[in-house]
Amino acid sequence: MLGPLLTTGFSFIATLLIVLFMAIKQKASFKQIKHGFFLLVFLFIIFYIFIYFLMPSIIVPNIILSNIIVGIISIPLMYFLLGNKLVYKAKEIKTVTFIGTILVLALPVIYIYSLFTLDNVHDSINTEMKDQAEPLSKEDTPIAVAPESARNKMQKAMSVVPNPQFYDLGKLQVQKIGDEIVYVAPLEFTGFWKFIRGQETEGYFTISATNINAQPEFVAEKMQYTNSSYLNKNVQRTIYNKYPQYVQSGTAQIEVDENGKPWYVQTLYLTMNVTDKPDLNQLKVAVVDPATGDVSLHDTDQAPDFIDGSVSSELASTENTYFGKYVHGWFNSMFGKKDVRVPNESGTEKSVTPIFDESGDMYYFTDMTSPKENIDSALGYTMINARTGKLTYYNGDMNNGIMDSEGAKQIVNKEYPEKNWEGSMPILYNIDGNATWVVNVLDPNGLFKQYAYINAADSDFVVFGETASQALASYRLALQQNPSAVGASDQVQPENVQGTVDRVLVTSTEDVQIVRFLLENDPVIYTVSTTIEPKAIFMTSGDDVELQAKIRDEATGSVESIEIEGLTN
């Protein structure tokens, strides 16, 4: 119980000094000192109990406040116990009052001081700025199942758990196990008496975060130390007992190692100077064994390799707030608001959305918007490395004038008002050089229904599909029919193709005609517009062609140039 013991001891510093001063001034007798000692011990025990349950971190504002509370309760009792006649104690009263006044005034002084150190908190963030926007490509990040849908399926599978009435699902955490990205959720007790009866939970659920048809799997793994356990089996208290000087960010989350063993992971930080503001360059992670309660502390980037999110989503959200709001300090955030950016609340975890890059590293995605009301355009977006806490801000030309994530969700919400389907988990992708919002469409029960692909620069350009591949193919075809669409700027290189035309379809828009065709023994759907080759509209089955096309996913090909035998040569 080192944590509560230290915190309680620090809370009695001012009281002990005042009591010693009073005892010396009053020339207290042995009997008075004995009574005073027992009174302090009694108050210490009472306050220790409160500290044990409240678990305040050992930071300057908390210590000052606790000293004030202890002093208000104990000093009057101690004063009358050690004193003889209150009327003759004017000097002592003035001294005690002076000390108490200093303590009371210290709190607002620290609060005001903390306001003017907010720019220092901003500067403590490990930040990289990139002028050229790099929206996520399809190859970089898989489209994840919305957490609402994953949680809904897990809830329906609770019947496989022994004594399911004891438990509920805990915090949902996405991580990479092996080569698969999954959601993991521990079982948590539903209340104190269920904890008393059960003493330990039965295990955790996993479900694929990329396959919408996947079903949850239950893994039996006994855990005594959990977020919902009480007294010394509580994870937060276990960490606090050992590291009371750190502030815990959010709720501990579960991560699973390569052997299937679960661990509770909690992000910690130190505060800035004497304030309660976080020093975001002093991030730690505590790892708790839920079977034994053993705790280890690491720098976030030095955590065990199986941990993807040593920086919690709550801490990432805090970083976004300080990065966007306090770029020029507190005064500017309230009045001038120069360069102020506000993170949107569209994320799946505390306003951020976890994603994975091609290397398997996890990041938190958040788009930033203007603090001005009724503005739904994005100013850029942030990517926070989930192991290092490094924040990268993208605000290049590709993001100029695009809608933000809230606007993308609203487009989906308005599409199916009669069904009450809603948009969830918007993520910005780079699809053929076009900034594109990919949004999960969920029914009122949180079950997945469709994907929505929305051109971030054109709110009327929306394509829906029941699978990611189907929606992507349809979106790319729609882009090729849109003469205003930006040309492909991704890394796909043109390929030389020869073949005989099998099927042809010509469609028209107000500005251009689009020719889509298949070649014999070739599954790729090729698309060419009449702006590239006007004679393509006369192409028929049996024509031999030579062309250059950018082929994506072996499904669609955007024709760069084409020669049709008998027509163009």
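The values are calculated or read from the model by the stated rules, or taken from the named source; none is laboratory data. Everything numeric in this text was worked out from a predicted model, so none of it was measured. Using ideal geometry, Cβ is built from the backbone for each residue, glycine included, and neighbour counts are taken over all protein chains shown. Just so you know, the surface numbers come from the protein's heavy atoms only, side chains and all, with ligands and any DNA or RNA stripped out. Shrake-Rupley method; radii C 1.70, N 1.55, O 1.52, S 1.80 Å.
Excluding residues fewer than 8 places away in the same chain, name every one of the lysines whose C-alpha is closer than 20 Å to that of Lys222.
Lys171, Lys194, Lys233, Lys261
Under a point-charge model restricted to the Cβ atoms of Lys and Arg (+1) and Asp and Glu (-1), what is the dipole moment magnitude of the chain relative to its Cα centre, in debye to the nearest 20? It would help to have the intermediate numbers written out before the result.
Numbers: 42 positive and 66 negative charges, 1121 e Å.
With Lys and Arg at +1 and Asp and Glu at -1, about 5380 debye.
Relative to 2.2 N^0.38 Å, what does the C-alpha radius of gyration of the range 275-324 come to as a ratio? Two decimals please.
Against the empirical 2.2 N^0.38 Å value, I get 1.31 for the range 275-324.
Mind checking the per residue accessible area of the chain for me, 1.4 Å probe, whole number of Å²?
Counting only protein heavy atoms, the per-residue value for the chain is 47 Å².
Counting only the heavy atoms of the protein chains, how much of His122 is accessible to a 1.4 Å probe, in Å² to the nearest 10?
Here the accessible area works out near 30 Å².
Go through 535-542, 113-120 and give me the packing order, highest mean Cβ count within 10 Å leading.
113-120, 535-542
Give Lys338/Lys449; Lys176/Lys242; Lys350/Lys372; Lys156/Lys372; Lys414/Lys550 a once-over and call out the pairs whose C-alpha atoms are over 32 Å from each other.
Lys338/Lys449; Lys156/Lys372; Lys414/Lys550
How far apart, in nm, are two points set 7 Å out from the Cα along the Cα-to-Cβ line at Phe38 and at Thr251?
Distance between the two pseudo-spin positions: 4.6 nm.
Put a dot 7 Å past each Cα toward the Cβ at Ser296 and Asn126; how far apart are the dots in nm?
So the label points at Asn126 and Ser296 sit 2.0 nm apart.
Among Leu17, Gly260, Gln199, which residue has its Cα furthest toward the positive end of the charge dipole of the chain, with +1 on Lys/Arg Cβ and -1 on Asp/Glu Cβ?
Farthest towards the positive end: Leu17.
From the residues Ser541, Ser74, Ala473, which one has its Cα farthest along the dipole of the chain in the positive direction, the dipole being from +1 and -1 charges on Cβ of Lys/Arg and Asp/Glu about the Cα centre?
Going by the Cα projections, it comes out as Ser74.
Sequence neighbours fewer than 8 away in the same chain don't count; with that in mind, list the aspartates and glutamates whose C-alpha is under 12 Å from Lys284.
Asp299, Asp301
Mind ranking 216-226, 237-247 by how tightly packed they are, going by the mean number of other C-beta atoms within 10 angstrom, highest first?
Ranking, from highest mean packing down: 237-247, 216-226.
How big is the chain by Rg and Dmax over its Cα atoms, in Å?
31.1, 119
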